[in-house]
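Each reported figure results from applying straightforward, stated rules to the coordinates on display, with no laboratory input. Computed from a prediction, not measured in an experiment: that's the story for all the values here. Using ideal geometry, Cβ is built from the backbone for each residue, glycine included, and neighbour counts are taken over all protein chains shown.
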Amino acid sequence: MVTVVVVDDSAFMRKAIATMLEKDPGIKVVATARNGEEGLELIRRHQPDVVTLDIEMPKMDGLTALRHIMMEMPRPVLMISSLTTEGAEATLKAMELGAVDFIPKQLSRVSLDIIKIEEDLRNKIRSLAGRKLRPMSPRVHAPASGAGGAAHGAPPAPRAAVTRPKGGQRRDVVAIGVSTGGPPAVQKVLAALPADFPAGILIAQHMPAAFTGPFAKRLDGVSKLAVKEAEHGELFRPGTVYISPGGKHLRIAQKVSRIEIVVSEEPREALYKPSANELMTSVGEGVGRRALGAILTGMGNDGMEGVKVLKARGGRALAQSDATCVVYGMPKAIVDAGLADEIVDIDDMAGALVDGLYV
């Protein structure tokens, strides 16, 4: 039985979340709280497997409560976020502090998509309940088996500088697919890449439209590379990171002497927008052997079909290790399918990306 404490100042939200969760006989909401102070008391008392936590609350807000939870009794925390710029920035800050994922507030209201919304929420709770939070560890080279590693959400550990290996460059397009637990993982990777990283990077992070702009801006502040939200028709340039806008797909178009960025809503019926499958397929078909793909933490198997195309065209594929994923779903899918050339701890992913351009 997965136990949950729901913390929210809205009686409607407390009831809505509890009702959705308890439709699953394997999930039990053991308590609900109206603010951070009350939430901390109930979390101490019930020791739940997962906590859902609102950000804006009286007496003690969600970010303050989250800091206490992660210091005193670390466990998976799912933030309840408003779909605004301010809500996005607060949510990204929460994920830096240790929250593992979020659900938009609007998604808990009655809508035509309520069945899918409820399933997503329950799936997230079940997936997160099985993960143990690990303390940060110094950066140590890990074997490809993925033993050891560090957790999401904590400040970056001291690390050796990532340097360019000797030899000729063979790849110049990097595609990254990532979902649950992704923002801290992506931030860790981009912060460690050197300023002379000679490839461009395309990222499909499952995230609402209101979040991807603030996400790109936050990443631009910590990376030596230029990070931006991708725009349709712009030139793909080395040393630049392109974040797919939420609600749209990111692809490339290989022209005679240049690569152009393609941002589109098609296919509209895709389960995820942006889709890692669409990105990986496009990069594989567009540049073939020049492609390097990486699948990071996330639920489900988005990216696997695209990596099949990328690999068939001669590209190379990396998977984040089980030990360092918030949810080992998307990477597991490509590992189990025999598509991963290397399994890498998140602390070593930047180095693996640099090496992968030359290997």
Please give the calculated 222 nm ellipticity per residue for the chain, where each DSSP H segment of at least 4 residues contributes -39500 (n - 2.57) and the sum is spread over every residue; nearest 500 deg cm²/dmol?
-> -10500 deg cm²/dmol
Note to self: C-alpha centroids of the stretch 286-359 and the stretch 182-235 sit apart, in Å, by 17 Å
Where both partners of a DSSP beta bridge lie in the stretch 196-264, what percent of those bridges are antiparallel, to the nearest 5?
-> 50 percent
What order, most packed first, do the peptides 221-229, 281-289, 347-355 have when packing is the mean number of other Cβ atoms within 10 Å of each residue?
-> 347-355, 281-289, 221-229
May I ask for the Rg/Rh ratio of the chain, computed from Cα atoms with Rh as the Kirkwood radius, given to two decimals?
-> 0.97
Pick out, from 343, 256, 353, the residue whose Cα sits farthest towards the positive end of the charge dipole of the stretch 233-359, with +1 on the Cβ of Lys and Arg and -1 on the Cβ of Asp and Glu.
-> 256
Sequence order, the stretch 250-264: Karplus ³J(HN,Hα) from phi using 6.51 cos²θ - 1.76 cosθ + 1.60, θ = phi - 60°, Hz rounded, Gly and Pro as x, gives 10, 9, 10, 10, 7, 9, 4, 10, 7, 10, 10, 7, 10, 10, 8
Structure shown: which of 228/311; 93/224; 59/105; 308/332; 217/248; 273/308 lie over 22 Å apart, alpha-carbon to alpha-carbon?
-> 228/311
Search the structure for amide H atoms under 5 Å from the amide H of residue 35, placed 1.01 Å from N in the peptide plane, and list their residues when 5 or more places away or on another chain.
-> 8
Once Rh for the stretch 183-252 is found with the Kirkwood sum over Cα pairs, what is the Stokes-Einstein diffusion coefficient at 10 °C and 1.306 mPa s, in µm²/s?
-> 132 µm²/s
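Quick one: work out the % antiparallel among DSSP beta bridges in the stretch 216-355, nearest 5.
Counting only bridges with both partners in the stretch 216-355, antiparallel ones make up about 35 percent.
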Residue-ordered couplings for the stretch 225-242, obtained by feeding phi - 60° into the Karplus form 6.51 cos²θ - 1.76 cosθ + 1.60 and rounding to whole Hz (Gly and Pro as x), are 8, 7, 10, 8, 6, 5, 10, 4, x, 6, 6, 7, 10, x, x, 10, 10, 10
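Go through 310-321, 22-33 and give me the packing order, highest mean Cβ count within 10 Å leading. It would help to have the intermediate numbers written out before the result.
On the way: 310-321: 23.2, 22-33: 16.1.
Taking the mean over residues of other Cβ atoms within 10 Å, the ranking is 310-321, 22-33.
Would you work out the charge dipole size for the stretch 276-359 about its Cα centre, treating the Cβ of every Lys and Arg as +1 and the Cβ of every Asp and Glu as -1, and quote it to the nearest 20 debye?
380 debye
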